[in-house]
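Participant: What follows is a single structure, and I will ask about it in a moment.
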Amino acid sequence: MRITRVAAATLMATLALTAAACGKEGTPAPSDAGNGSGAANGDTCQSSGATFTPASSVDLTGSPTYDKIKSAGKVVIGVKFDQPNLGYKDAQGKRCGFDIEIAQLIASKLGVDPAKIEYKEIPSANRETAIKGGEINYYVGTYSITDKRKNDISFAGPYFVAGQDLLVRKDESAITGKETLKGKKVCSAKGSTPIQRVRDEGLTEANNIVEFATYSECVSQLLDKKVDAVTTDDAILKGYAAQNSTDLKVVGKPFSTEKYGIGLPKDDKALRDYVNAQLAASFADGTWQKIYDGTLGKSGSPASPPALERY
């Protein structure tokens, strides 16, 4: 991925983000759906090979969200679109990555064919608002479970555990970890947990904190030498580094624990319990592992299913 490609991808992402923020993304084109796509190879999506057959009978009573999904005959899922191997949209409009396939897995367990998923690209800062307002039925997109967020929504999971790290240019030698960020410009997504940690811990000066709506914009700034580091979860950063290995690298050791959950309406306990049960089943029958190995696992980092935190 060269600088020109990042710039073009950022322009496309910004246009898509604007449409999503206005609630006008609409039903995705056929290339957006289908049998889950997985790892991004350059700009082309590939499937992990997992299959998602819609459940013929769903035993889920007392869930207003499920009733809404059943009545509409589709599910509306909030996702990311600019995170290689996680939540990505390639040049042909196909969705791919670990989070996308987890989203498709849950949709199938709710009786919805992946072809009937409507994806909405929701920026990090607007996730709780989108869930609370009913704009989406659930959200899957590197969404860290926090007590603060539980005041507004609920979570199923975690389905993955990551840690905050740093992405820098390949020739960078001064930045080796979070303790070397003073005086450096650090970029992350607006409203994200990682940039708040940078601010709370004073890892760099306030005037050196740079925020954009998407991580891809931060990566473009990094390649253009306008910022010195991009910080977020190591899973996301490894995706960018793998996509542009000649110019970027991940440094340091993870300095947080980020538990990724599926964001759900706050008071829909029936749905939360059901989704947790489906995640547990995917952990046990090998589906989760197949999805991971065929998507995020292509970064070279092994992983196994985490322990669920039911509440």
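Participant: For segment 247-311, which trypsin sites (Lys or Arg not before Pro) are in a loop by DSSP, counting at most 13 other Cβ atoms within 10 Å? Please list the in-between numbers first.
Facilitator: Details: sites: LYS249, LYS259, LYS266, LYS269, ARG272, LYS290, LYS298, ARG310; in loops: LYS266, ARG310.
Passing both the DSSP loop test and the Cβ count: ARG310.
Participant: Okay, moving on. Using the charge dipole of the chain (Lys, Arg: +1 at Cβ; Asp, Glu: -1 at Cβ; taken about the Cα centre), state which of ALA277, THR180, TYR260 has its Cα farthest towards the positive end.
Facilitator: So the residue furthest toward the plus end is THR180.
Participant: Taking only protein heavy atoms and a 1.4 Å probe, what accessible area per residue, in Å², does segment 91-178 have with all protein chains in place? Intermediate values should be presented prior to the final figure.
Facilitator: Working: 2640 Å² over 88 residues.
Accessible area per residue: 30 Å².
Participant: Oh, and also: Taking a point 7 angstrom from the Cα of THR53 along the C-beta vector, which residues in segment 276-299 have backbone N less than 20 Å away?
Facilitator: 278-291
Participant: Return one number: the angle in degrees, 0 to 90 and rounded to the nearest 10, between the long axis of the Cα atoms of helix 3-21 and the longest principal axis of the Cα atoms of the chain.
Facilitator: That helix lies at roughly 40 degrees to the long axis.
Participant: Size of the chain along its principal axes in angstrom, Cα-based, largest extent first?
Facilitator: In descending order, the Cα extents are 57, 38, 38 Å.
Participant: Please tell me which of these pairs span more than 24 angstrom C-alpha to C-alpha: LYS74/LYS298; LYS68/LYS120; LYS74/LYS148; LYS150/LYS290?
Facilitator: Values: LYS74/LYS298 31 Å; LYS68/LYS120 17 Å; LYS74/LYS148 30 Å; LYS150/LYS290 30 Å.
Listed pairs above 24 Å: LYS74/LYS298; LYS74/LYS148; LYS150/LYS290.
Participant: Rounded to a whole number, what % of the accessible area of the chain do carbon and sulfur atoms account for, probe 1.4 Å?
Facilitator: Of all accessible area on the chain, carbon and sulfur atoms account for 51 percent.
Participant: Within segment 266-292, find all residues whose amide N lies under 14 Å from a label point positioned 7 Å from the Cα of THR61 along Cα-to-beta-carbon.
Facilitator: Counting backbone N atoms under 14 Å from the label point, the list is 270.
Participant: Still on this structure, please answer the following. Given an 8 Å cut-off on Cα distances and at least 6 residues of separation, report the relative contact order of segment 159-311 as a percent.
Facilitator: On the way: 226 pairs, mean separation 50.0, N = 153.
Relative contact order, segment 159-311: 33 percent.
Participant: Something else about it: I'd like the distance between the alpha-carbon centres of segment 244-294 and segment 47-66, rounded to an integer number of Å.
Facilitator: 17 Å
Participant: To the nearest whole percent, what portion of all C-alpha pairs in segment 180-311 is separated by more than 22 angstrom? Walk me through the numbers before you get to the answer.
Facilitator: On the way: 4254 of 8646 pairs.
Here the long-distance tail beyond 22 Å is 49 percent of all Cα pairs in segment 180-311.
Participant: Which peptide among 209-216, 302-309 comes first, and what is the full order, when sorted by highest mean count of other Cβ atoms within 10 Å? Could you put the intermediate results ahead of the total?
Facilitator: On the way: 209-216: 21.9, 302-309: 13.4.
The most tightly packed comes first, giving 209-216, 302-309.
Participant: For segment 232-311, what is the relative contact order in percent, using Cα pairs closer than 8 Å and at least 6 residues apart in sequence?
Facilitator: About 27 percent, as a whole number.
Participant: Kindly state, to the nearest 0.05, the FRET efficiency for ALA125 paired with LEU308, given R0 = 25 Å and r defined as their beta-carbon distance. Before the final figure, lay out each step's value.
Facilitator: Working: r = 27 Å, r/R0 = 1.08.
After rounding, the FRET efficiency stands at 0.40.
Participant: Quick one: if you stick a label point 7 Å off each Cα along the C-beta vector at ARG169 and GLU135, how many nm between them?
Facilitator: Those two pseudo-labels are separated by 3.5 nm.
Participant: Next question. Which whole-number percent is the relative contact order of the chain (Cα, under 8 Å, 6+ apart)?
Facilitator: On the way: 663 pairs, mean separation 76.8, N = 311.
Computed value for the chain: 25 percent relative contact order.
Participant: Which cross-chain or sequence-distant (5 or more) residues have an amide H under 5 Å from the amide H of GLY87, H modelled 1.01 Å from N in plane?
Facilitator: Under 5 Å from the amide H of GLY87: ASP99.
Participant: For the chain, what does the helix formula give at 222 nm: sum of -39500 (n - 2.57) over DSSP H segments with n ≥ 4, over the residue count, nearest 500 deg cm²/dmol? Write down the numbers at each step before the final one.
Facilitator: Details: 9 runs with 98 residues, N = 311.
Value at 222 nm, helices only: -9500 deg cm²/dmol.
The values are calculated or read from the model by the stated rules, or taken from the named source; none is laboratory data. This one's a predicted model, so the numbers in the text were calculated from it and none came from an experiment. FYI the Cβ positions are ideal-geometry reconstructions off the backbone, even for glycines, and counts take in every protein chain you see. With ligands, DNA and RNA removed, areas are computed over all heavy atoms of the protein, side chains included. Shrake-Rupley method; radii C 1.70, N 1.55, O 1.52, S 1.80 Å.
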